[in-house]
Amino acid sequence: MGIIMIHCPATGRDVSTGIEMSGVEELPSVKATMLCPVCGRVHDWTRDDAWLADSGAQYRAAAAG
């Protein structure tokens, strides 16, 4: 399992969507939105914008802290 990631268009940094899955191909082909934890803006994204991080442990720890 891994965390679905996207790029923040405002900062260029990689950010977690908070979605944990075994593969990006499992995502539906629809537009999604998320509140970016880096810049505070709402970003639209699709599975074409996303990739799977190898492990989500660091993102779960950051969200809990």
_Scope the range 23-48; condition open to solvent by 40 Å² or more (accessible area, probe 1.4 Å), small (Gly, Ala, Ser) and either assigned to a strand (DSSP E or B) or modelled with pLDDT of 90 or more (or both); matching residues_ = Gly40
*Output the residues belonging to the range 1-22 that are part of a strand (DSSP E or B) and either in contact with a helix residue (DSSP H, G or I) (Cβ under 6 Å, 6 or more places away or on another chain) or loosely packed, with under 12 Cβ neighbours inside 10 Å (or both).*
Ile3, Ile6, Ser16
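The values are calculated or read from the model by the stated rules, or taken from the named source; none is laboratory data. Only a predicted model underlies this, so the values are computations on that prediction, with no experimental measurement involved. Cβ: placed from backbone, ideal geometry, glycine included. Neighbour counts: every protein chain shown. Each accessible area value is taken on the protein alone, full model and side chains, heavy atoms only, with ligands, DNA and RNA left out. Shrake-Rupley method; radii C 1.70, N 1.55, O 1.52, S 1.80 Å.
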